[in-house]
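Engineer: Got a structure for you, written out below as structure tokens; questions coming shortly.
The values are calculated or read from the model by the stated rules, or taken from the named source; none is laboratory data. This is a predicted model, so every value here is computed, not measured. Cβ sites come from the backbone with ideal geometry, for glycine too, and all protein chains shown count toward neighbours. Accessible surface areas use protein heavy atoms only, side chains included; no ligands, DNA or RNA. Shrake-Rupley method; radii C 1.70, N 1.55, O 1.52, S 1.80 Å.
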Amino acid sequence: MSSEPNAYSSHPPRLRDATILDKVVANGGVMSIALFFIVCCLFFAVTTDAFLTAPNLLNIIRQSAPLLIVAAAMTFVITTGGIDLSVGSVLALTATLSAAALQAGVPWPLAILLMLALGGVVGLVQGYFIAYERIPAFIVTLAGLSVIRGFALLITGGYSIPIEPTSPFVTIGRAWVLGIPAPALIAIVVLIVAYIAFNETHFGRYVTGVGANAEATRRAGVNTRRIILWVYILSGTASAAAGVILSARLGSGSSNAGQGFELDVIAAVVLGGTSLFGGRGSLVGTILGALTVAVLANGLILSHLSPFFTPIVTGFIILVAIWLNFRLFKDGARGR
Amino acid sequence: MTDTDVSRVRMTGISKRYGALQSLDNASLNLMPGEVLGLVGDNGAGKSTISKVLSGAVIPDAGTIEIDGRPVSFTSPAEARAARIEMVYQDLALCDTIDVAGNLFLGREPKRRIAGVPMLDKKTMHERARDMLSNLGIVIPDTRMKVENLSGGQRQSIAIGRAASFNPSVLIMDEPTAALAVAEVEAVLELIRTVSKRGVSVILITHRLQDLFLVCDRIQVMYEGRNVAERRIEDTNIEDVVNLIVGRKFTARSAGHNHQERGAPA
Ligand SMILES: Nc1ncnc2c1ncn2[C@@H]1O[C@H](COP(=O)(O)OP(=O)(O)O)[C@@H](O)[C@H]1O
Ligand SMILES: [Mg+2]
């Protein structure tokens with residue numbers, strides 16, 4: 001009885017609560033991955049001598065650049081409610097082709113541009129089938145995973161193609177600028193651009209809109225198919241950039257590069273709190289997720305465990321992350 | 001002036017068939033400027049279909065539409081919007097994970113340029129969203145709240161507010177109060193009154209007959225794709241409307257007086 005006469009006055013406080021809850025849910029994923037990242041770092045700092053040394057930390061950053069770059073693009077893909085399983089294969093194809101192009105005498109800047117364009121075209125083709133032919137992204141990119149790696153194997157015959165160590169191309173993977181490895185610098189630039197695009201531009205807003213309610217976004221006059229097409233072009237191009245950086249760092253292009261890379265990328269994005277249902281993404285979360293995946297791989301090796309433990313641990317972490325992701329976001333997806 | 005005599009909307013002879021089902025059969029609809037028309041009928045009577053024809057979402061097989069006396073034929077919702085016809089869709093209108101201002105401006109977000117690059121102008125967007133909502137008397141504490149955290153009534157208000165912000169001359173609402181708690185219905189009805197006072201013609205589809213008597217000027221009853229009756233609100237009552245909807249004399253327990261004859265099929 002006492003609450004009835006003044007039903008309206010009870011609204012504002014209830015909504016304030018909702019706002020706080022909103023923030024926790026919105027940032028809950030980011031907060032828990034930040035915590036998990038710190039716990040992992042502390043664990044390896046205590047249990048191994050080598051982890052918390054400057055050379056090792058810089059090494060982690062250098063090695064995680066391809067992961068960070070592709071995970072940034074994958075955040076857009078997953079936020080639309082899609083997935084791109086072909087990223088590891090595109091990485092392998094562009095790594096081998098950049099080595100082959102350099103061997104054939106193509107100038108290195110042109111080789112890089114060609115690889116980025118190739119990645120974009122692969123994304124365009126896959127995106128076309130997903131956006132315009134309405135074939136599930138999982139199917140299209142699973143086929144892409146197989147086909148594209150097949151091309152890489154076919155081109156190299158399964159061998160790796162060496163890159164001349166004197167070529168300026170390798171500086172992309174090996175140079176140090178202001179005490180920071182060049183791949184890390186590239187990753188930082190990509191992440192900043194991705195963060196701004198995701199949070200501050202119309203494109204980023206429509207990526208979220210497509211994932212949250214594609215029909216409402218379409219009715220609002222947004223060309224939702226083109227948005228979907230573009231996120232796959234982005235992930236293809238990002239994978240190509242990762243392939244270039246990897247081959248430059250290793251000094252060779254191997255068709256076996258990036259096996260299981262898609263799992264690391266998806267783990268990074270999902271760990272970072274981006275919802276697999278779409279509509280909710282966080283680039284800060286993705287950065288933390290990618291660094292966590294990188295730290296785990298590095299720390300497990302330093303712990304002198306068998307290197308074969310890494311996929312087992314990564315697999316379990318993906319499972320737990322996806323389980324939490326579903327539990328956290330299932331209710332949110334209901335409204336679609 | 002002649003203005004007041006010309007219908008805002010005149011739909012005549014509208015037919016639409018889905019496979020074997022004649023969803024609309026020579027249906028018509030007339031709407032005056034600033035009028036609130038209640039569209040009622042049993043489930044499947046064709047209310048949603050005729051309103052979708054008007055909003056450009058469904059293309060009729062036959063029939064003519066006139067807006068302010070000029071014949072039109074819409075092939076897409078965009079064309080209807082250009083003719084200042086807006087429809088509030090019940091479920092499909094909002095993006096849950098986007099905030100209130102973002103939903104109000106979805107697809108037409110204000111821009112600002114930083115170093116030549118177009119970006120969302122969130123500050124302007126929130127300011128204008130606050131103005132829009134307060135002009136319509138919609139109470140939302142913070143335009144940065146995500147829509148998923150709003151009540152059903154607030155969500156419906158945002159959807160109507162969004163439609164109203166396109167400055168429509170016709171606003172169609174398909175069961176805007178169906179999913180609302182009783183206390184929230186009044187706010188939506190008040191919003192309909194506010195909008196219609198500004199000269200917007202409103203088509204309200206609802207099963208809540210008591211709402212009709214609070215906001216409508218006129219009621220049109222549909223039955224199996226046809227118009228069966230039309231009543232000015234002051235000439236009818238709930239029992240009469242119920243009878244017209246079910247298509248027979250409904251001997252309600254409370255019926256204590258004579259019923260009017262059912263209107264002849266149009
Ligand atoms: N897209 C469609 N495809 C097939 N049948 C439809 C479609 N839309 C509506 N109908 C049918 O047309 C009839 C009228 O539907 P509708 O206009 O939604 O009725 P109301 O809104 O009055 O309940 C219903 O029998 C419905 O099943
Ligand atoms: Mg209906």
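Engineer: Can you tell me which residues in region B:195-210 are open to solvent by less than 30 Å² (accessible area, probe 1.4 Å) and either without any contact (Cβ under 8 Å) to a residue 60 or more places away in the chain or basic (Lys, Arg) (or both)?
Structural biologist: The answer is B:195, and nothing else.
Conditions tested, residue by residue: (1) open to solvent by less than 60 Å² (accessible area, probe 1.4 Å); (2) outside any helix (DSSP H, G or I); (3) more than 27 Å from residue A:54 (Cβ to Cβ); (4) modelled with pLDDT under 95.
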residue	(1), (2), (3), (4)
A:142	no, no, yes, no
A:161	yes, yes, yes, yes
A:166	no, yes, yes, yes
A:187	yes, no, no, no
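Engineer: I'd like to verify a number: residues in region A:33-53 that are open to solvent by 70 Å² or more (accessible area, probe 1.4 Å), free of Cβ contacts under 8 Å to residues at least 24 places away in the same chain and not in a loop (DSSP other than H, G, I, E, B), how many?
Structural biologist: Qualifying residue count for the region: 5.
Engineer: Tally the residues that are under 15 Å from residue B:171 (Cβ atoms) and within 14 Å of chain A (Cβ to nearest Cβ), restricting the search to region B:58-77.
Structural biologist: 1
Engineer: Any idea how many residues of region B:88-109 are open to solvent by 70 Å² or more (accessible area, probe 1.4 Å) and more than 8 Å from every other protein chain (Cβ to nearest Cβ)?
Structural biologist: Adding up the residues that qualify gives 2.
Engineer: Would you pick out the residues in region A:225-254 that are farther than 20 Å from residue A:117 by Cβ and outside any strand (DSSP E or B)? Don't jump to the end; show me each part of the working.
Structural biologist: Within region A:225-254, the subset farther than 20 Å from residue A:117 by Cβ is A:225, A:227-228, A:249-252, A:254.
Matches in region A:225-254: A:225, A:227, A:228, A:249, A:250, A:251.
Engineer: A further question follows. Quick check on this structure: which one of A:180, A:155, A:148 is at pLDDT 95 or above and more than 29 Å from residue A:220 (Cα to Cα)? Before you say what the answer is, go through the steps one by one.
Structural biologist: Working: A:180 fails: at pLDDT 95 or above; A:155 fails: at pLDDT 95 or above.
Sole residue among the options that is at pLDDT 95 or above and more than 29 Å from residue A:220 (Cα to Cα): A:148.
Engineer: Inside region B:163-180, can you point out the residues that are over 22 Å from residue B:45 (Cβ atoms), of a type outside the set (Gly, Ala, Ser) and under 13 Å from the mean Cα position of the chain (by Cα)?
Structural biologist: B:168
Engineer: On to the next question. Considering every residue within region B:9-28, establish whether at least one is within 16 Å of ligand 2 (Cβ to nearest atom), in a loop (DSSP other than H, G, I, E, B) and crowded, with 23+ Cβ neighbours inside 10 Å.
Structural biologist: No.
Engineer: Would you be able to say whether some residue in region B:151-172 is within 25 Å of residue A:220 (Cα to Cα), surrounded by fewer than 19 Cβ atoms within 10 Å (Cβ to Cβ) and free of Cβ contacts under 8 Å to residues at least 60 places away in the same chain?
Structural biologist: Yes, the conditions are met somewhere in region B:151-172.
Engineer: Taking the criterion of being without any contact (Cβ under 8 Å) to a residue 40 or more places away in the chain, within 14 Å of ligand 2 (Cβ to nearest atom), out of contact with any His (no Cβ under 6 Å at 6 or more places or on another chain) and outside any strand (DSSP E or B), would at least one residue in region B:34-43 satisfy it? Write out each step before concluding.
Structural biologist: Initially, region B:34-43 is screened for residues without any contact (Cβ under 8 Å) to a residue 40 or more places away in the chain, giving B:43.
Next, only the ones that are within 14 Å of ligand 2 (Cβ to nearest atom) stay: B:43.
The next check asks that each one be out of contact with any His (no Cβ under 6 Å at 6 or more places or on another chain); those that pass are B:43.
Applying the additional criterion that residues be outside any strand (DSSP E or B) yields B:43.
Within region B:34-43, one or more residues are without any contact (Cβ under 8 Å) to a residue 40 or more places away in the chain, within 14 Å of ligand 2 (Cβ to nearest atom), out of contact with any His (no Cβ under 6 Å at 6 or more places or on another chain) and outside any strand (DSSP E or B).
Engineer: Okay, moving on. Among (1) within 14 Å of another protein chain (Cβ to nearest Cβ); (2) open to solvent by less than 20 Å² (accessible area, probe 1.4 Å); (3) within 16 Å of ligand 2 (Cβ to nearest atom), where does residue B:80 come up short?
Structural biologist: (3)
Engineer: Select, from A:211, A:236, A:221, A:243, the only residue that is at pLDDT 95 or above and within 14 Å of chain B (Cβ to nearest Cβ).
Structural biologist: On the way: A:236 fails: within 14 Å of chain B (Cβ to nearest Cβ); A:221 fails: at pLDDT 95 or above; A:243 fails: within 14 Å of chain B (Cβ to nearest Cβ).
Result: A:211 is the single residue among A:211, A:236, A:221, A:243 that is at pLDDT 95 or above and within 14 Å of chain B (Cβ to nearest Cβ).
Engineer: Show me the helices (runs of 4 or more DSSP H) found entirely inside region B:110-215 where at least 2 residues are among the hydrophobic types (A, V, I, L, M, F, W, C), away from every other protein chain (no Cβ under 11 Å) and within 16 Å of ligand 1 (Cβ to nearest atom). Before you say what the answer is, go through the steps one by one.
Structural biologist: Values: elements: B:122-135, B:152-164, B:182-197, B:209-215.
Result: B:209-215.
Engineer: Of the residues that sit in region B:48-77 and are within 14 Å of ligand 1 (Cβ to nearest atom) and open to solvent by less than 10 Å² (accessible area, probe 1.4 Å), which one is modelled with the lowest pLDDT?
Structural biologist: Only one residue tops the list, namely B:55.
Engineer: Report every pair of residues separated by at least 6 positions or lying on different chains whose Cβ atoms are under 6 Å apart, first residue within region A:220-234 and closer than 16 Å to residue A:140 by Cβ, second at pLDDT 95 or above and of a type in the set (S, T, N, Q).
Structural biologist: That search, which allows pairs on different chains as well, returns A:228/A:80; A:231/A:80; A:232/A:126.
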